[in-house]
Structure formats: C-alpha cells, structure tokens
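Scroll down for the structure; my scribbles are underneath it.
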Amino acid sequence: MDFQSAERETQRILEYYSGVTGMNDIILSNYIENTRIISNLLTRIMEDEKKKQAFIREIRLKEEKITALTLTAGSLKKKADVQQEQLADMEKVVEKLKFLENEKNRLQKQIEQLKQIDLNPDKIIGKPDPA
C-alpha cells in the first residue's frame, strides 16, 4: 500500500475543497473533516511503518551480532578444550619429570655409595675383616 501517494491525494483534495466558497454545506464540511482525519491517520501509519522498518533493521543487526558472538564463543570453547588437553599433557610431563628427578637422586646416592665402597675396599660384603 502506497501511503505517501494516498496522503498526497488527500492533501490535494483538502486544498481543493478549502478553496471552494460556501463551506456552510454540512456534507462538504463533514467530507473535509473526514479527509483531514484520514490524512492524519495516514501520516501516523507512515511514521509507524518507518519505525517498524528501523526496528526490523535493528533486530537484524542484533541477530547478526548474536550469530557472530555465538561463533566466537564456539571458537573460544574449542581453544579452551585444546588448552585443557595441553594442560593435562603438561601435568603428565611434570609428573614424569618428578619421577625422573627422584630416580636421578636415587641413582646419584647409589653412585656415591659405590664410590665409597671402591675407596674403602674393607666394606665389601663377604670380605673378612683384617682384624
């Protein structure tokens, strides 16, 4: 529906009848009043239609933002999952490092004990004391 054309036509009719002399005719007076009311209603309808179109554009923009944010959230979740897996792997590596460090310390103690045995052959098991 072309509200702007209808409003222009209504305005044209109002201007025409406003210029007509003898406005005492009740029918003509009612017609002019009805035309003014219709003109005002058409103006309001056009304003509402503009507001509606602006509102629809705003909704579409917000929908696009929501879609973009949803995609971003999905991407961030995937990244967080990958980092969680990496963290779990790193914790396993740390545990292995602790185990290896303990093993290293144990072996170093054994080496020290063996060095002391080599330096002091009397402590060898199974060799009688020279006393």
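The alpha-carbon of LYS65 sits under 22 angstrom from the alpha-carbons of these lysines, leaving out residues fewer than 8 places away in its chain: LYS51, LYS52, LYS77, LYS78, LYS79.
Within straight-line reach of LYS104, meaning a Cα separation under 13 Å, sit the following aspartates and glutamates at least 8 residues removed in sequence or on another chain: GLU112. Computed from backbone phi, the HN-Hα couplings of the range 44-59 come to 5, 4, 5, 5, 5, 5, 5, 4, 4, 5, 5, 5, 4, 4, 5, 4 Hz, rounded to whole numbers (Karplus: 6.51 cos²θ - 1.76 cosθ + 1.60, θ = phi - 60°; Gly and Pro given as x).
Neighbour counts of other Cβ atoms within 10 Å put TYR16, TYR31 in the fewest-to-most order TYR16, TYR31.
Based on Cα atoms of the range 3-123, Rg over Rh with Rh as the Kirkwood radius reads 1.90. Here's the list of lysines a cross-link from LYS109 could span, going by alpha-carbon distance under 24 Å and ignoring same-chain residues fewer than 8 apart: LYS96, LYS98, LYS123, LYS127. Using every pair of distinct Cα positions in the range 39-100, the Kirkwood expression returns a hydrodynamic radius of 16.2 angstrom.
Quick note: the coordinates plus some simple rules give every number you see, no bench work behind them. These figures come from a predicted structure and were not determined experimentally. Positions of Cβ are generated from backbone atoms using ideal geometry, with glycine treated the same way; all protein chains shown enter the neighbour counts.
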